[in-house]
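Colleague: Input: one structure, supplied below.
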Amino acid sequence: MTEREWTVLASGGTPAVLVALLAALAATFVAAVTVPGTVVAVAGTAALGAGTVHDGRRTRLAGAALLVGAVAYGAYGGLPIPAVLGGTVAALVAADGAERAVALDAQVSDAATAGLVLRRTGTTLLAGAVVAGLGYGAYRVGSGEAPAAAAALLLVGALLSAAALR
């Protein structure tokens, strides 16, 4: 592939769309433990993609919410907690990638953005992994005597992850 072809391929929001698609597929794979979870995850992936292509913020948010809901339903279906946390992080990365794709395409549609997208994705993954690790630690500590404390810490972790993505 020539440098010109790579520049065209990596321009605008295209790399972010690929990141969003891969992360949404990862979340869908995690949620595929039950048939309803799979259906909801596929609908979330489709909504996230449609909102990205047609620049519909509400559709992207609904798609991200469906992905997180599908992963949560997977927990009800018997997924282990680390898989649920990983699927949730994947859904957050998908939502962030979709938002980034739209923003980059609107601002710098012809510029090479692959490096920027990779750095942003790495930052989002790191923040999500830290929050998921803290949430899992809280779950392990709280699963014995203080499950209310674990739930509170998981809620704080979710709020911190949402704030980190802004």
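The values are calculated or read from the model by the stated rules, or taken from the named source; none is laboratory data. Since this is a predicted model, take the numbers as computed values, not measurements. Reconstructed Cβ throughout: ideal geometry from the backbone, glycine too, with neighbour counts over all protein chains shown. Note: accessible area is taken over every heavy atom of the protein model, side chains too, but ligands, DNA and RNA are not part of it. Shrake-Rupley method; radii C 1.70, N 1.55, O 1.52, S 1.80 Å.
Colleague: Are any residues in the stretch 85-94 buried (at least 22 other Cβ atoms within 10 Å of the Cβ) and under 22 Å from residue 34 (Cβ atoms), and if so, which ones? So that I can check it myself, show each step before the final result.
Modeller: In the first step, residues of the stretch 85-94 are kept if they are buried (at least 22 other Cβ atoms within 10 Å of the Cβ); the result is 85, 87-94.
85, 87, 88, 89, 90, 91, 92, 94 - these are the residues of the stretch 85-94 that are buried (at least 22 other Cβ atoms within 10 Å of the Cβ) and under 22 Å from residue 34 (Cβ atoms).
Colleague: I'm checking my understanding of the structure. Among residues of the stretch 40-62 that are farther than 18 Å from residue 19 by Cβ and of a type in the set (A, V, I, L, M), which one is surrounded by the most Cβ atoms within 10 Å (Cβ to Cβ)?
Modeller: Top of the filtered list is 40.
Colleague: Given (1) crowded, with 17+ Cβ neighbours inside 10 Å; (2) of a type in the set (A, V, I, L, M); (3) at pLDDT below 85, where does residue 71 come up short, assuming only one miss?
Modeller: (3)
Colleague: Report yes if residue 78 is over 11 Å from the mean Cα position of the chain (by Cα), modelled with pLDDT under 90 and either of a type in the set (S, T, N, Q) or open to solvent by 40 Å² or more (accessible area, probe 1.4 Å) (or both), otherwise no. Give the derivation first.
Modeller: Working: over 11 Å from the mean Cα position of the chain (by Cα): yes; modelled with pLDDT under 90: yes; either of a type in the set (S, T, N, Q) or open to solvent by 40 Å² or more (accessible area, probe 1.4 Å) (or both): yes.
The answer is yes for residue 78.
Colleague: Let me ask something else. Here are some conditions: (1) within 29 Å of residue 55 (Cα to Cα); (2) of a type outside the set (Phe, Trp, Tyr); (3) open to solvent by 30 Å² or more (accessible area, probe 1.4 Å). Residue 128 meets all but one. Which one does it not meet?
Modeller: Failed condition: (3).
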